[in-house]
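For reference, the structure is listed below as structure tokens.
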Amino acid sequence: MEQVFEAAADNLVWVLLASVIVVGIVGSTLREIVKTKSRERTRREIAAYIAEGSMTPEQGERLMAAGRSKWEDA
């Protein structure tokens, strides 16, 4: 076990760089998960408003398209 710590100490820059990369990937993945979950929740809420008659389908379609980027439409 001591050899592992010595190897890590000898390569501290690489260990830190790898740690930053892993944390960045995990953070980015979590951000995308939260964003997708929020988008789906909003879509369900809009669909519920349309189903109960509080909103027309055209209004719901405009609301869903309002936050979308042009590249998401493709």
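Just so it is clear, none of the values below were taken in a lab; they were calculated from the coordinates. Keep in mind the model is a prediction, meaning the values are calculated, not measured. Counting neighbours? That spans all protein chains shown, and the Cβs are built from the backbone with ideal geometry, glycine included.
Angle of helix 12-52 to the longest C-alpha principal axis of the chain, folded into 0 to 90 degrees and rounded to 10: 10°. Computed on the Cα atoms alone, the convex hull of the range 1-40 gives a volume of 49 cubic angstrom per residue. Using Cβ point charges alone (K and R +1, D and E -1), the dipole size of the chain about the Cα centre works out to roughly 440 debye. Think of the chain as having a plus end and a minus end, set by charges on the Cβ of Lys, Arg, Asp and Glu; of Ile50, Ala65, Ile33, Ile50 sits farthest toward the positive end of this dipole.
A simple spin-label model places pseudo-atoms 7 Å from Cα toward Cβ; at Val13 and Tyr49 they are separated by 5.5 nm.
Compared with the direct C-alpha span, the chain from Thr56 to Leu30 gains 6.0 nm at full extension, assuming 0.36 nm per residue. Its residue count N fixes a reference of 2.2 N^0.38 Å for the chain, and the Cα radius of gyration divided by that reference is 2.01.
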